[in-house]
């Protein structure tokens, strides 16, 4: 299986890439964590209201649980990508780690701004871009 295939399956649902890589315990654990965090944080309701542009009604979202989501999500993607092929450059973790960090920061500061869903997604995007930049700089050395 290719790294891109594992990455895309993990984007669809954290844990799917691990199942494809034959890491069944890790995959089931990540899928279980994703469902637990999704249920406890009421993420699906936040996604629906955010996509409708009704950010102020996303208040029932439990931010304490939602702050775990970017880290679990990005860890699942990185782990599937890492295990899908031969050994990687150790700096390959930067886009995933920065994406998790900035996604969590986006969720923390989302109250009353763009909402947890949009600011979390923007944070992940910014973190991945910064991580790719840092990886590129370090690779050239």
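The values are calculated or read from the model by the stated rules, or taken from the named source; none is laboratory data. Since the model is a prediction, treat every value here as computed from it, not as a measurement. Cβ placement follows ideal geometry from the backbone for every residue including glycine, while neighbour counts extend to all protein chains displayed.
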With criteria (1) within 14 Å of the chain's Cα centre (by Cα); (2) more than 30 Å from residue 136 (Cα to Cα), residue 77 comes up short on (2)
Filtering segment 36-47 down to residues that are part of a helix (DSSP H, G or I) and surrounded by 13 or more Cβ atoms within 10 Å (Cβ to Cβ) yields 36, 37, 38, 40, 41, 43, 45, 46, 47
With the first residue restricted to segment 82-99 and required to be touching a residue at least 60 places away in the same chain (Cβ under 8 Å), and the second required to be surrounded by fewer than 18 Cβ atoms within 10 Å (Cβ to Cβ) and in a helix (DSSP H, G or I), Cβ contacts under 6 Å at 6 or more apart or on different chains are 84/3; 85/3
Here the qualifying pairs (Cβ atoms under 6 Å; residues six or more apart or on different chains; first in segment 16-27 and without any contact (Cβ under 8 Å) to a residue 60 or more places away in the chain; second outside any helix (DSSP H, G or I)) come out as 27/15
Is it the case, given these coordinates, that residue 6 is within 19 Å of the chain's Cα centre (by Cα) and modelled with pLDDT under 90? no
Taking segment 126-137 and keeping only residues that are without any contact (Cβ under 8 Å) to a residue 24 or more places away in the chain and buried (at least 16 other Cβ atoms within 10 Å of the Cβ), one is left with none
What do you reckon, is residue 123 surrounded by 20 or more Cβ atoms within 10 Å (Cβ to Cβ) and more than 30 Å from residue 22 (Cα to Cα)? yes
Some residue of segment 57-67 being in contact (Cβ under 8 Å) with a residue 12 or more places away in the chain, more than 22 Å from residue 123 (Cβ to Cβ) and surrounded by 14 or more Cβ atoms within 10 Å (Cβ to Cβ): no
Residues of segment 8-28 being surrounded by fewer than 20 Cβ atoms within 10 Å (Cβ to Cβ) and within 25 Å of residue 108 (Cβ to Cβ), in sequence order, are 11, 13
